[in-house]
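Take a look at the structure below.
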Amino acid sequence: KKNEESVKSSQPQKAQKQKNQNVVEDPDSLPFSEISLSQPFESWCQSQLRKINGSDNTTLVRFLVSLETAEETNEYIRSYLGESQQVSAFSSEFIKRKDKEKKLWENASFVKV
């Protein structure tokens, strides 16, 4: 009976822990698909991607924004978009703009409404 009681008493705690796991406290912990981009940044990215590969889909951009380091970001950009002068220029500018974008997030909403 003691085991049954301890299992029963731990179940609400488990449920509470699971419920609390859905609360986002740190924007860096968001799934990349939920990251909001400023309109100017998103538009610039779409424009650049259209020039590079003909697509303005920002799924890759949202993923790239979620990465921690410039090196990692650059590596993924080359991996997904290839190695060309145009891609290299995009990567350099993207990393600069990404840093500015992250500064904007400090006082903004991180999740799409």
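The values are calculated or read from the model by the stated rules, or taken from the named source; none is laboratory data. The shown structure was predicted, so the numbers you read here are calculated from the model rather than taken from an experiment. So basically every Cβ, Gly included, is an ideal-geometry build from the backbone, and we count neighbours across all protein chains shown. The accessibility values were calculated without ligands, DNA or RNA, using every heavy atom of the protein model including side chains. Shrake-Rupley method; radii C 1.70, N 1.55, O 1.52, S 1.80 Å.
Looking at segment 58-113, which of the residues that are among the hydrophobic types (A, V, I, L, M, F, W, C), within 11 Å of the chain's Cα centre (by Cα) and within 18 Å of Gln39 (Cα to Cα) is modelled with the lowest pLDDT? Can you show your working first?
Taking segment 58-113 and keeping what is among the hydrophobic types (A, V, I, L, M, F, W, C), we get 60-61, 63-65, 67, 70, 77, 81, 87, 89-90, 94-95, 104-105, 108, 110-111, 113.
From the residues that got through so far, the ones that are within 11 Å of the chain's Cα centre (by Cα) too are 60-61, 63-65, 67, 110-111.
Still in the running and within 18 Å of Gln39 (Cα to Cα): 60-61, 63-65, 110-111.
Values: Leu60: 91, Val61: 92, Phe63: 91, Leu64: 93, Val65: 90, Phe110: 49, Val111: 46.
Checking each candidate, the answer is Val111.
Just one of (1) of a type outside the set (A, V, I, L, M, F, W, C); (2) at negative phi; (3) open to solvent by less than 60 Å² (accessible area, probe 1.4 Å); (4) modelled with pLDDT of 60 or more trips up Ser10, so point out which.
Of the numbered conditions (1) of a type outside the set (A, V, I, L, M, F, W, C); (2) at negative phi; (3) open to solvent by less than 60 Å² (accessible area, probe 1.4 Å); (4) modelled with pLDDT of 60 or more, the odd one out for Ser10 is (4).
Pairs under 7 Å by beta carbon, first residue among the aromatic types (Phe, Trp, Tyr) in segment 63-83, partner open to solvent by less than 70 Å² (accessible area, probe 1.4 Å), six or more apart or different chains?
Short answer, once both residue conditions are applied: Tyr76/Leu64; Tyr76/Leu67; Tyr80/Leu60.
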